[in-house]
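S.K.: One structure is given below, represented as structure tokens, and several questions about it will come after.
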Amino acid sequence: MCGIVGAVAERNVVEILLEGLKRLEYRGYDSAGVALLQQDGTLSRIRRTGKVQELADAVAEGEALGTTGIAHTRWATHGGVTEKNAHPHFSPERVAVVHNGIIENYQSLRESLTSKGYTFTSDTDTETIAHTVHEELKSGCALLAAVQHSVKQFHGAYGTVIMDKEDPSRVVVARSGSPLVIGLGLGENFIASDQMALLPVTRRFIFLEEGDVAEITRREVNIFDKDGNPVERDVVESNIEHDAGDKAGYRHYMLKEIHEQPTVVRNSLQNRVDDNGLTADIFGPGADEIFRDVKHVQIIACGTSYHAGMTARYWLEQYANVSCGIEIASEFRYRKSVVHENSLLVTISQSGETADTLAALRLAKELGYMSSLTICNVPGSSLVRESDLAFMTRAGAEIGVASTKAFTTQLTAFLMLTLALGEHNGISAEDKTSIVSSLHSLPAKLEETLAITQGIEDLAEEFADKNHSLFLGRGDQYPIAMEGALKLKEISYIHAEAYASGELKHGPLALIDEEMPVIVVAPNNELLEKLKSNVEEVRARGGIMYVFADKDAAFSSDETMRVINVPHCEGPIAPIIYTIPLQLLSYYVALIKGTDVDQPRNLAKSVTVE
Ligand code: F6R
């Protein structure tokens with residue numbers, strides 16, 4: 001979702017801004033723009049719909065020079081995808097603004113600003129920020145004070161960066177609900193919505209907190225909290241690889257990230273699980289004390305992370321003997337819910353910035369959950385900072401919009417949580433041994449599973465001309481079927497639905513014909529015979545099936561069923577293993593269809609608006 005980059009330097013900042021935008025492309029956007037305070041004292045702007053490269057080409061045609069500048073990639077919320085709606089937005093000849101988030105009271109602000117003589121040139125909520133700040137500046141205050149007064153008038157979410165032509169030595173930034181990170185350089189400073197944007201110029205970052213307003217000049221960063229008091233925030237040294245943005249020879253980030261799974265799962269387990277089980281304190285200091293009292297787990301997440309949570313419910317109840325609820329964040333945050341006694345709130349998020357999940361965490365704190373844990377991939381993210389406990393998945397930067405390695409490391413984390421909570425709730429010795437030994441075998445099993453690529457490429461050929469598909473699974477494979485369907489929808493735009501296969505006869509069987517391929521995930525587990533009955537129900541109605549099956553599950557290919565053997569695995573790791581062929585299937589179908597695999601249409605990597 002929208003990206004922000006800003007810089008105050010002695011050198012020309014154009015290349016820094018454009019490179020920053022390129023590094024944020026993975027988040028999803030539909031237009032881009034840059035504004036510069038030129039050395040001759042003028043404020044210039046170039047905006048384009050489409051890719052950052054089109055903006056860069058347009059910039060290259062002119063003489064773009066400026067030592068203070070802001071840039072933005074926009075993902076449309078208010079107003080269509082047009083050049084006039086792209087950021088930065090100006091308030092005549094003076095103020096320039098980029099903004100992530102939504103100003104919810106923009107209509108009333110717009111009416112009041114119009115009555116004061118301001119003319120709106122876009123359909124966006126963001127333009128109200130520019131005019132509001134301009135109006136404050138007119139009363140004679142400095143940019144910092146103007147922004148501090150302005151933000152009091154905004155309802156909603158914003159991460160915003162503002163420049164004033166009359167004061168080219170600084171930008172002022174404000175954060176409420178949309179993340180912003182300050183990058184510290186030598187004699188130059190930067191701002192961005194994501195540290196990835198600034199890695200070529202610095203590794204030292206300050207993560208702004210909710211309500212912060214900061215003034216950034218070449219030599220100074222002054223931060224003020226929501227009450228206007230000056231505050232110090234920690235400087236964090238980033239350990240993200242500078243080249244995390246490279247495709248390492250793969251055609252797409254998504255394929256690279258699918259193939260990274262054995263390595264990142266190994267990283268995720270490192271120093272956390274040994275032959276006897278979990279090593280000490282892997283969920284952070286104090287976690288064990290909290291876990292001792294946990295009687296219920298409430299999981300909250302969105303999208304793929306929600307599917308990880310759904311899988312975890314099967315594990316937590318089956319092995320750790322802990323009751324567990326799971327809910328989509330956008331539902332949880334807007335309904336009245338009952339808090340179970342001694343309930344631990346667990347949020348899951350790749351980005352740590354998903355607006356609905358963050359709002360759900362904040363609500364849960366008010367509701368009186370005993371504690372909160374986040375399972376997250378981004379250190380320093382809002383969920384990590386605002387949760388009592390944080391467990392990092394160590395998947396490394398995930399650039400493809402469709403989540404792959406983040407998901408399998410989330411599942412790995414949940415198996416570790418199952419062990420940790422199980423310790424206090426009577427996990428059996430047999431189950432504990434089975435989870436520990438299957439976790440040890442997991443990286444190698446993932447490698448083995450990735451080797452079945454060829455069969456899946458062939459399957460994708462048969463699949464790519466279909467318009468609809470049905471994914472079936474049972475037990476802890478039902479969420480995996482849901483995840484498989486989500487991946488296919490996201491990147492190939494083929495309509496895909498997932499069902500717990502026991503539900504077939506309650507409705508979806510009516511859909512079955514030769515135009516509706518049915519994908520079945522069939523590990524050799526206690527539900528296999530039940531699943532086989534469901535397969536027969538589909539066969540009897542002329543359905544065409546693609547079955548990902550354990551080689552011992554005794555499925556064989558025939559004219560209505562194509563069987564792809566998946567390596568046999570012991571213990572509860574099967575959902576992690578069966579995720580791989582479904583990811584590969586989506587990838588190869590998308591490849592044949594020629595879609596934008598890494599940045600599928602209409603989607604954003606980090607959903608920072610609700
Ligand atoms: C799908 C996908 C999304 C995210 C969802 C939540 O491939 O990536 O469904 O899982 O937007 O995002 P996070 O995990 O960052 O909270």
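The values are calculated or read from the model by the stated rules, or taken from the named source; none is laboratory data. A quick note: this is a predicted structure, and the numbers were derived from the prediction, not measured. Glycine gets a Cβ as well: all are built from the backbone with ideal geometry, and neighbour counts include every protein chain shown. Each accessible area value is taken on the protein alone, full model and side chains, heavy atoms only, with ligands, DNA and RNA left out. Shrake-Rupley method; radii C 1.70, N 1.55, O 1.52, S 1.80 Å.
S.K.: Would you be able to say whether some residue in the stretch 416-438 is under 22 Å from PRO479 (Cα atoms), within 16 Å of the ligand (Cβ to nearest atom) and small (Gly, Ala, Ser)?
M.R.: Within the stretch 416-438, not a single residue is under 22 Å from PRO479 (Cα atoms), within 16 Å of the ligand (Cβ to nearest atom) and small (Gly, Ala, Ser).
S.K.: Okay, moving on. Just give me the residues in the stretch 404-431 being more than 24 Å from PRO262 (Cβ to Cβ) and not hydroxyl-bearing (Ser, Thr, Tyr), in sequence order.
M.R.: LEU421, GLY422, GLU423, HIS424, ASN425, GLY426, ILE427, ALA429, GLU430, ASP431, listed by residue number.
S.K.: Confirm whether LEU143 is modelled with pLDDT of 95 or more, surrounded by 17 or more Cβ atoms within 10 Å (Cβ to Cβ), closer than 20 Å to LEU208 by Cβ and of a type outside the set (Val, Ile, Thr).
M.R.: Judged against the criteria, LEU143 is a match.
S.K.: Within the stretch 324-333, is there a residue that is in contact (Cβ under 8 Å) with a residue 12 or more places away in the chain, open to solvent by less than 20 Å² (accessible area, probe 1.4 Å), closer than 19 Å to LEU419 by Cβ and of a type outside the set (A, V, I, L, M)?
M.R.: yes
S.K.: Taking the stated definitions as given, is SER178 surrounded by 23 or more Cβ atoms within 10 Å (Cβ to Cβ), of a type in the set (Ser, Thr, Tyr) and at negative phi? Step through it out loud before you land on a result.
M.R.: Numbers: surrounded by 23 or more Cβ atoms within 10 Å (Cβ to Cβ): yes; of a type in the set (Ser, Thr, Tyr): yes; at negative phi: yes.
Against the criterion (surrounded by 23 or more Cβ atoms within 10 Å (Cβ to Cβ), of a type in the set (Ser, Thr, Tyr) and at negative phi), SER178 qualifies.
S.K.: Shifting gears a bit: Return the pair list, or none, for Cβ contacts closer than 8 Å from residues in the stretch 13-25 that are under 19 Å from ALA397 (Cβ atoms) and open to solvent by less than 40 Å² (accessible area, probe 1.4 Å) to residues that are hydroxyl-bearing (Ser, Thr, Tyr) and part of a helix (DSSP H, G or I), at least 6 apart or on different chains.
M.R.: none
S.K.: Same structure, new question: Residues that are closer than 25 Å to GLN477 by Cβ and modelled with pLDDT of 95 or more: list the helices (runs of 4 or more DSSP H) wholly contained in the stretch 303-393 that include at least 2 such residues. Talk me through it step by step, then tell me what you get.
M.R.: On the way: elements: 303-318, 329-332, 355-367, 382-386.
By residue number, 303-318, 329-332.
S.K.: Output the qualifying pairs, or none if there are none: Cβ atoms under 7 angstrom, residues six or more apart or on different chains, first residue in the stretch 586-610 and closer than 19 Å to GLU25 by Cα and open to solvent by 10 Å² or more (accessible area, probe 1.4 Å), second residue β-branched (Val, Ile, Thr) and assigned to a helix (DSSP H, G or I).
M.R.: THR595/ILE491
S.K.: Among the residues that make up the stretch 592-599, is at least one of them of a type in the set (Gly, Ala, Ser), within 22 Å of ASP465 (Cβ to Cβ) and within 16 Å of the ligand (Cβ to nearest atom)?
M.R.: no
S.K.: Quick check: is even one residue across the stretch 401-412 more than 13 Å from the ligand (Cβ to nearest atom), surrounded by fewer than 24 Cβ atoms within 10 Å (Cβ to Cβ) and in contact (Cβ under 8 Å) with a residue 60 or more places away in the chain?
M.R.: no
S.K.: Restricting to the stretch 560-580, name every residue that is open to solvent by 40 Å² or more (accessible area, probe 1.4 Å) and at pLDDT below 90.
M.R.: GLU570
S.K.: Among the numbered criteria (1) over 20 Å from TYR314 (Cβ atoms); (2) in a helix (DSSP H, G or I), which one does ASP513 miss?
M.R.: Exception for ASP513: condition (2).
S.K.: Within the stretch 561-610, can you find the residues that are within 24 Å of ILE452 (Cα to Cα), of a type in the set (A, V, I, L, M, F, W, C) and out of contact with any strand residue (DSSP E or B) (no Cβ under 9 Å at 6 or more places or on another chain)?
M.R.: Result: ILE573, ILE576, LEU584, VAL589, ALA590, LEU591, ILE592, VAL597.
S.K.: Separate question: Of the conditions (1) more than 16 Å from the ligand (Cβ to nearest atom); (2) under 27 Å from SER382 (Cβ atoms); (3) part of a helix (DSSP H, G or I), SER268 satisfies every one except a single condition; which number is it?
M.R.: (1)
S.K.: Moving on to the next point. Scan the stretch 42-62 for residues that are touching a residue at least 60 places away in the same chain (Cβ under 8 Å) and of a type in the set (A, V, I, L, M, F, W, C) and jot them down.
M.R.: Within the stretch 42-62, LEU43 is the sole residue that qualifies.
S.K.: Only residues that are within 20 Å of LYS487 (Cβ to Cβ) and either open to solvent by less than 20 Å² (accessible area, probe 1.4 Å) or among the charged types (D, E, K, R) (or both): list them for the stretch 256-288, please.
M.R.: Those that are within 20 Å of LYS487 (Cβ to Cβ) and either open to solvent by less than 20 Å² (accessible area, probe 1.4 Å) or among the charged types (D, E, K, R) (or both): LYS256, GLU257, ILE258, GLU260, GLN261, PRO262, VAL264, VAL265.
S.K.: ALA320 - would you say it is of a type outside the set (S, T, N, Q), away from the ligand (no atom under 16 Å from the Cβ) and crowded, with 22+ Cβ neighbours inside 10 Å?
M.R.: Numbers: of a type outside the set (S, T, N, Q): yes; away from the ligand (no atom under 16 Å from the Cβ): yes; crowded, with 22+ Cβ neighbours inside 10 Å: yes.
Here the answer is yes, as ALA320 does meet what is asked.
S.K.: Among (1) in a loop (DSSP other than H, G, I, E, B); (2) within 16 Å of the ligand (Cβ to nearest atom); (3) at pLDDT 90 or above, which single condition is GLN583 missing?
M.R.: GLN583 satisfies every listed condition except (1).
S.K.: Could you list all residues from the stretch 493-502 that are over 25 Å from the mean Cα position of the chain (by Cα) and open to solvent by less than 10 Å² (accessible area, probe 1.4 Å)?
M.R.: Passing the criteria: only SER501.
S.K.: Tell me whether the stretch 540-556 contains one or more residues that are out of contact with any strand residue (DSSP E or B) (no Cβ under 6 Å at 6 or more places or on another chain), touching a residue at least 40 places away in the same chain (Cβ under 8 Å) and farther than 30 Å from ARG23 by Cβ.
M.R.: no
S.K.: A further question follows. For the stretch 339-364, which residues satisfy the criterion of being open to solvent by 10 Å² or more (accessible area, probe 1.4 Å) and more than 8 Å from the ligand (Cβ to nearest atom)?
M.R.: VAL339, HIS340, GLU341, ASN342, ALA355, ASP356, ALA359, ARG362, LEU363
S.K.: Going by the conditions given, is TYR499 aromatic (Phe, Trp, Tyr) and out of contact with any helix residue (DSSP H, G or I) (no Cβ under 6 Å at 6 or more places or on another chain)?
M.R.: No: the conditions fail for TYR499.
S.K.: With (1) open to solvent by 40 Å² or more (accessible area, probe 1.4 Å); (2) among the hydroxyl-bearing types (Ser, Thr, Tyr); (3) under 20 Å from the mean Cα position of the chain (by Cα) as the list, and TYR250 as the residue in question, which single condition is left unmet?
M.R.: Of (1) open to solvent by 40 Å² or more (accessible area, probe 1.4 Å); (2) among the hydroxyl-bearing types (Ser, Thr, Tyr); (3) under 20 Å from the mean Cα position of the chain (by Cα), only one is false for TYR250: (3).
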